[in-house]
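Participant: Sharing a structure below in structure tokens format, with a few things to ask.
Values in this text are rule-based calculations from the coordinates and carry no lab data. If you're wondering where the values come from, they're calculated on a predicted model, not measured in any experiment. A quick note on method: Cβ atoms are made from the backbone with ideal geometry, for glycine too, and the neighbour counts reach across all protein chains shown.
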């Protein structure tokens, strides 16, 4: 079974600074998808960024970018120019298969200090 | 686009009663819908996967007779918690896969907070 590990239960960053959240996963497959989701206090899950494993280029969405290391099975999220609104729980997730079930990590609670 | 709604957003019921939660894809047809459970300060735990017109596939350890899932159409799935008990109190989240677009991507509903007294 696939597992997703987020080794940082909590992280903090100063407003306008950069922070990197770590994620590793375990799979024997070569074709899969990786995601970072944000869950603010409202508890609505919001997709931050997605990465297709067959793409070598790291995904980027505005201030959010990933460092996808397929051989190392690592998928970290970098948030640049952190804003107060970035404060949330961040979940790393893995997906593949006919139904594309998501397997989530335990999450990292990000605090942004003004 | 790609909006998923859930109803109700919160519900309180008495122990022993049943409660139904609806999940709707508002602007797309959902090939597959998923139901998750989330305890405070914890991650999402997948309960079951349902495809329209088919029986739901439950994850190991999830009681299918307690958590009844019906996926009657491409835009509606329901989760019924039968004979609810206080330990069933939790936050329930549904998600749906779009038939088009990034078919591997899931869109999440806002969740339903269930409290069993």
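Participant: How fast does chain B diffuse by Stokes-Einstein, in µm²/s, taking the Kirkwood radius from C-alpha pairs at 4 °C and 1.567 mPa s? Can you show the working numbers first?
Facilitator: On the way: Rh = 14.1 Å.
My calculation gives 92 µm²/s for D.
Participant: If I stretch the segment between residue B:59 and residue B:39 completely, what's the gain in nm (0.36 nm per residue apart, minus their alpha carbon distance), one decimal? Walk me through the numbers before you get to the answer.
Facilitator: Details: separation 20, 0.36 × 20 = 7.20 nm, distance 1.67 nm.
Roughly 5.5 nm would be gained on extension.
Participant: Run the numbers on chain A and let me know its relative contact order in percent, using alpha-carbon pairs under 8 Å that are six or more apart. Could you put the intermediate results ahead of the total?
Facilitator: Working: 278 pairs, mean separation 42.4, N = 114.
That works out to 37 percent.
Participant: Hey, another quick one. Can you compute the modelled spin-label distance between residue A:11 and residue B:27, with each label point 7 Å from Cα toward Cβ, in nm?
Facilitator: If labels sit at residue A:11 and residue B:27, their model points lie 3.1 nm apart.
Participant: Taking the Cβ-Cβ separation of residue A:29 and residue A:109 as r and a Förster radius of 45 Å, what is the calculated FRET efficiency to the nearest 0.05?
Facilitator: 0.95
Participant: With N residues in the range B:36-95, what two-decimal value do you get for its Cα radius of gyration over 2.2 N^0.38 Å? Intermediate values should be presented prior to the final figure.
Facilitator: Working: Rg = 11.6 Å, N = 60, 2.2 N^0.38 = 10.4 Å.
For the range B:36-95, the normalised Cα radius of gyration is 1.11.
Participant: Under the Kirkwood approximation applied to all pairs of distinct alpha-carbon atoms, what is the hydrodynamic radius of the protein assembly as shown in Å? The partial results should precede the final answer.
Facilitator: On the way: mean 1/r = 0.0546 Å⁻¹.
The answer is 18.3 Å.
Participant: How would you classify the range A:67-108 from its alpha-carbon gyration tensor, with a ≥ b ≥ c the square roots of the eigenvalues: rounded for a/c under 1.5, else prolate if a/b is greater than b/c, otherwise oblate?
Facilitator: Details: a/c = 2.80, a/b = 1.56, b/c = 1.79.
Here the range A:67-108 falls in the oblate category.
Participant: Over chain B, what is the relative contact order in whole percent, taking alpha-carbon pairs under 8 Å and six or more residues apart?
Facilitator: Working: 303 pairs, mean separation 42.8, N = 117.
Dividing the mean separation by the residue count of chain B yields 37 percent.
Participant: How much length is gained on full extension from residue A:63 to residue A:42, taking 0.36 nm per residue of separation minus their Cα-Cα distance? List each step's numbers first, then the result.
Facilitator: Details: separation 21, 0.36 × 21 = 7.56 nm, distance 2.18 nm.
Here the segment from residue A:63 to residue A:42 would lengthen by 5.4 nm.
Participant: For the range A:1-53, rounded, prolate or oblate, judged on the Cα gyration tensor with a ≥ b ≥ c (square roots of eigenvalues), a/c < 1.5 rounded, else prolate if a/b > b/c? Could you put the intermediate results ahead of the total?
Facilitator: Numbers: a/c = 2.01, a/b = 1.68, b/c = 1.20.
Prolate, because a/c is 1.5 or more and a/b exceeds b/c.
Participant: Can you pull a Stokes-Einstein diffusion coefficient for the range B:1-58 at 37 °C (0.692 mPa s), Rh from Kirkwood over Cα pairs, as a whole number of µm²/s? Each step should come with its number before you reach the end.
Facilitator: Details: Rh = 13.4 Å.
My calculation gives 244 µm²/s for D.
Participant: Additional query: Rounded if a/c is under 1.5, else prolate if a/b is larger than b/c, else oblate: which is the range A:40-112, with a ≥ b ≥ c the root eigenvalues of its Cα gyration tensor?
Facilitator: Values: a/c = 2.07, a/b = 1.33, b/c = 1.55.
Taking the square roots of the gyration eigenvalues as a ≥ b ≥ c, the range A:40-112 is oblate.
Participant: Mind ordering B:59-68, A:20-29, A:2-11, B:76-85 by average Cβ neighbours within 10 Å, highest first?
Facilitator: Values: B:59-68: 12.4, A:20-29: 16.3, A:2-11: 14.6, B:76-85: 18.6.
Ranked by mean Cβ neighbours within 10 Å, highest first: B:76-85, A:20-29, A:2-11, B:59-68.
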